[in-house]
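Enquirer: Structure below; questions to follow.
The values are calculated or read from the model by the stated rules, or taken from the named source; none is laboratory data. This is a predicted model, so every value here is computed, not measured. All Cβ positions, even for glycine, are placed from backbone atoms using ideal geometry, and neighbour counts span all protein chains on display.
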Amino acid sequence: MSGAVDTTTTAAVGARAVPGDAVPPGGALRALLPALAVHRAMMARTCAAAVLEQGSLVALVTLAAHTVGTAVIEGRAPSAGPVVALVALVVVRVLTTWREMDLSHDLAYRVLATLRVRIFDGLARGAPARVAGRRSGDLAATAMADVEALEFFYAHTTAQILATVVVFGGSSVVLTGVGPWLTAVVAAVAALLAAAPFAEARARAERGARTRAATARLSADTVEAVDGLRELLAFGRLADRRRSLAERGRQVGAAQRAEAVRESVAAGVRDVLIVLAILGVVVAAAQSVAAGRSHGAWAPAAMALALSVLGLVAESARSFGQAVSLRAAAARVRTAVEAPAMAPPPTVPRPLPPGPLGLRLSGVTFDYGGEPVLKGVDLTVSAGETLALVGVSGAGKSTCAHLMARFWDPSAGAVLLLPAEGDPVDVRDVDDAELRRAVALVGQEAPLFHGTLAENLRLGAPEADDELLAATARLCGVDRVAPMDAPVGERGATLSGGQRARVALARALAVRPRVLVLDESTAHLDNTSDAQVAAALRGEDRATVVIAHRPATIRRADRVAVLEAGRVVEQGTWDELARRPDSALTRVLTRGPSPA
């Protein structure tokens, strides 16, 4: 896509993104809770295990304190009953702790696996609009680091908080039986502990947002540095980039330290509150014993009960506070998961008739959120015809290509497929899978994937047999690039630009499309190779649109259409347009890039 369009697209995409340092919406975490609904049974088992794990701890500590207190007061060894109960509680505690950890992490990783798929689906629904202009490291941070950060929320927050509420309720009943004042003291401190994360929720969210933004910037810069390592070495800028990455690392460290310091302060406050509560419980329990309202052994038992249950409340408050810090990650994940489709699927798909297809842009207008890039474009390509679409950079050629492939939908007008018989079919009415088989787009920078040459050729046609693959490879000259089982490297790093162009074209032809759109895809080929590829593409009923600047490529087309300022200003054969002294084609070739 031309630079002008890219800039507009990037701005439009950026306007929808969650700002890195801004406070994310308060419902960011709540919006991720429905992901647990798919795993209701496992969530119930996790909560039950958490209740048993926390309840056994409180019971163990309380019974131990009561048993020791009884033994001291009565001057005799504990009876067999309490000892057996203590041993049983230890066993239950061990087993339920293991079970709760196993279930909670199993649940969390299942949810994260689902979220990663949903993020990919969200990016796919919005591609290329939401991907254009975004750095690959930033996308990777959302797909991987942000999702991974939410593991804490799903594994250590939801079930644990619910279990703490249940255990606290049961402990309060026991404390009330010993003395109402004990419950009042514990409940007051528990309320303060629970309210603390809410009181500083905004500050926590701000600190978490800064950390996530700094991490995303570091990830993006690192990926960019690795991708551009050869260029950095060639221009002697490796030391500058190293210093830049070190500064990004310091920013991440500073953001993380700020979070850690505030968390340490919050932990200290929680500890002070618990100590004050224990002092209050000791005073209340002593008065209850002195007044003869309870047995002396209940004084240490009440203190142990209060300490253990408030410890659980404090731990849940800490977990919730940390979860609040993840709101920025949750907001980024939520934005990706809930991204609306730029080209929504049809309610009732309309099947394409068999046979050759033509293509028509009918009154197409399109914009990226600002000034229209295309303004009422009318253009028809018949089956078996090759149309060269030319224009200066920023005229709207690549936008036309993306609309033909339905990466976006036009703001007005329609993109129609023209069967040999019957009515035209709007691409918006065609199922996406069928449309991808009918219309193939090959861009100038069509990326290859890590794997063999054959695996890359089968990307769009995994069912293609070896014979079809070999024929397609010969057609595009790919058989001279490398053996079919040869690895091409990440993004085709082992191949030249011209070789990658041949592979990308062969990959599209393996699908056997009925409409082929080439967006500067032969720009990396020399004139001889370009002519060979053009000759290989002739002789079929396929409608072909070629976006090019090279005169030799344009001359071979059956017809030429010239775009200026988002409008088709001229159409005709090369000979017809070249003879005109004031031809728009001449202006484009004069202003455009020099031939390769």
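Enquirer: Out of curiosity, is A401 of a type outside the set (F, W, Y) and touching a His at 6+ places or on another chain (Cβ under 9 Å)?
Expert: Against the criterion (of a type outside the set (F, W, Y) and touching a His at 6+ places or on another chain (Cβ under 9 Å)), A401 does not qualify.
Enquirer: Out of all the residues in the stretch 323-333, which are over 15 Å from A159 (Cβ atoms) and in a helix (DSSP H, G or I)? Can you show your working first?
Expert: Looking only at the stretch 323-333, we keep the residues that are over 15 Å from A159 (Cβ atoms), and these are 324-333.
Selection gives V324, S325, R327, A328, A329, A330, A331, R332, V333.
Enquirer: Filter the stretch 424-454 down to the residues that are buried (at least 16 other Cβ atoms within 10 Å of the Cβ), under 26 Å from the mean Cα position of the chain (by Cα) and modelled with pLDDT under 85 and list them by number.
Expert: G443, Q444, A446, L448
Enquirer: Assess whether V546 counts as being out of contact with any Phe, Trp or Tyr (no Cβ under 8 Å at 6 or more places or on another chain), crowded, with 16+ Cβ neighbours inside 10 Å, at pLDDT 80 or above and more than 30 Å from V488 (Cα to Cα).
Expert: no
Enquirer: Hey, any hits in the stretch 91-102 for a residue that's polar (S, T, N, Q), surrounded by 12 or more Cβ atoms within 10 Å (Cβ to Cβ), over 37 Å from the mean Cα position of the chain (by Cα) and under 20 Å from S56 (Cα atoms)?
Expert: Checked against the condition, which is being polar (S, T, N, Q), surrounded by 12 or more Cβ atoms within 10 Å (Cβ to Cβ), over 37 Å from the mean Cα position of the chain (by Cα) and under 20 Å from S56 (Cα atoms), the stretch 91-102 yields no hits at all.
Enquirer: Anything in the stretch 407-423 that is surrounded by 17 or more Cβ atoms within 10 Å (Cβ to Cβ) and under 15 Å from G358 (Cα atoms)? List them, or say none.
Expert: A414, V415, L416, L417, L418, P419
Enquirer: Give the residues of the stretch 158-182 that are surrounded by fewer than 23 Cβ atoms within 10 Å (Cβ to Cβ) and among the small types (G, A, S), sorted by residue number.
Expert: G169, G170, S172, G177, G179
Enquirer: If you don't mind, another one. For G384, only one of the following conditions fails: (1) surrounded by 15 or more Cβ atoms within 10 Å (Cβ to Cβ); (2) modelled with pLDDT under 90; (3) over 21 Å from A440 (Cα atoms). What is its number?
Expert: (3)
Enquirer: Kindly evaluate D227 against the criterion of being farther than 30 Å from T157 by Cα, surrounded by 14 or more Cβ atoms within 10 Å (Cβ to Cβ), at pLDDT below 80 and of a type in the set (D, E).
Expert: Here the answer is yes, as D227 does meet what is asked.
Enquirer: What residue, of G363, G394, is surrounded by fewer than 21 Cβ atoms within 10 Å (Cβ to Cβ), in the same structural domain as L416 (by TED's automatic domain parsing) and in contact with a helix residue (DSSP H, G or I) (Cβ under 6 Å, 6 or more places away or on another chain)?
Expert: That would be G394, the only listed residue that is surrounded by fewer than 21 Cβ atoms within 10 Å (Cβ to Cβ), in the same structural domain as L416 (by TED's automatic domain parsing) and in contact with a helix residue (DSSP H, G or I) (Cβ under 6 Å, 6 or more places away or on another chain).
Enquirer: Can I ask one more? Considering only residues that are free of Cβ contacts under 8 Å to residues at least 40 places away in the same chain and within 25 Å of I278 (Cβ to Cβ), which ones fall in the stretch 311-352?
Expert: If the condition is that a residue be free of Cβ contacts under 8 Å to residues at least 40 places away in the same chain and within 25 Å of I278 (Cβ to Cβ), then G311 is the only one that fits.
Enquirer: In the stretch 289-309, is there at least one residue being closer than 30 Å to D429 by Cβ, at pLDDT below 85 and either surrounded by 15 or more Cβ atoms within 10 Å (Cβ to Cβ) or not assigned by TED's automatic domain parsing to the domain that holds G396 (or both)? Talk me through it step by step, then tell me what you get.
Expert: Initially, the stretch 289-309 is screened for residues closer than 30 Å to D429 by Cβ, giving none.
No, the stretch 289-309 has no match at all.
Enquirer: Would you call S411 more than 30 Å from R270 (Cα to Cα) and not hydrophobic (A, V, I, L, M, F, W, C)?
Expert: Criteria met by S411.
Enquirer: Still on this model: Name the one entry in A239, A195 that is among the small types (G, A, S), more than 30 Å from L175 (Cα to Cα) and loosely packed, with under 15 Cβ neighbours inside 10 Å. It would help to see each step written out before you state the result.
Expert: Working: A195 fails: more than 30 Å from L175 (Cα to Cα).
The match here is A239.
Enquirer: Can you find, within the stretch 475-494, the residue that is surrounded by the fewest Cβ atoms within 10 Å (Cβ to Cβ) among those that are over 15 Å from P447 (Cβ atoms) and among the hydrophobic types (A, V, I, L, M, F, W, C)?
Expert: A486
Enquirer: To continue, here is another question. Could you please tell me which pairs satisfy a Cβ distance under 8 Å, a separation of 6+ or placement on different chains, a first residue in the stretch 478-494 that is farther than 14 Å from R507 by Cα, and a second residue that is among the small types (G, A, S) and part of a helix (DSSP H, G or I)?
Expert: Listed by first residue and then by second, the contacts come to D485/A454.
Enquirer: Can you tell me which residues in the stretch 372-381 are touching a Gly at 6+ places or on another chain (Cβ under 9 Å) and surrounded by 15 or more Cβ atoms within 10 Å (Cβ to Cβ)? Steps first, please.
Expert: Quick first cut of the stretch 372-381, residues touching a Gly at 6+ places or on another chain (Cβ under 9 Å) only: 372-378, 380-381.
Those that are touching a Gly at 6+ places or on another chain (Cβ under 9 Å) and surrounded by 15 or more Cβ atoms within 10 Å (Cβ to Cβ): P372, V373, L374, K375, G376, V377, T380, V381.
Enquirer: Against the definition (on the phi < 0 side of the Ramachandran plot and in contact with a Gly (Cβ under 7 Å, 6 or more places away or on another chain)), how does V392 come out, yes or no?
Expert: yes
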